[in-house]
Amino acid sequence: MVLRRHDVDRIVVGHTIFPEVTSLHGGKVVAVNVDNKKNRKHHRTRAMLIEGAIIRFVM
């Protein structure tokens, strides 16, 4: 319903409790974590690039 309402294919939500960037609901919801210091220490994903239909995760 939210995707249709805003005429988008996916939504990105922040301030999540997942240790990594996480794709949910078949890629329609992407949950990102903002604890960069901890992510850097554990070599986890820290950024996401979206180019059209392609999503890339950056460490």
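Could you check the range 1-20 and list, in sequence order, the residues that are part of a loop (DSSP other than H, G, I, E, B) and out of contact with any helix residue (DSSP H, G or I) (no Cβ under 9 Å at 6 or more places or on another chain)?
MET1, ASP7, GLY14, HIS15, THR16, ILE17, PHE18
Any residue in the range 1-24 that is farther than 17 Å from ALA53 by Cβ and polar (S, T, N, Q) sitting within a Cβ distance under 7 Å of a residue that is at pLDDT below 90 and part of a loop (DSSP other than H, G, I, E, B)? List the pairs, counting only those 6 or more apart or interchain.
Listed by first residue and then by second, the contacts come to THR16/VAL32; THR16/ASN33.
Which residues, taken from the range 32-52, are modelled with pLDDT under 75, exposed (fewer than 14 other Cβ atoms within 10 Å of the Cβ) and either hydroxyl-bearing (Ser, Thr, Tyr) or not in a loop (DSSP other than H, G, I, E, B) (or both)?
ASN36, LYS37, LYS38, ARG40, ALA47
The values are calculated or read from the model by the stated rules, or taken from the named source; none is laboratory data. Everything quoted here is computed from the prediction, not taken from an experiment. Reconstructed Cβ throughout: ideal geometry from the backbone, glycine too, with neighbour counts over all protein chains shown.
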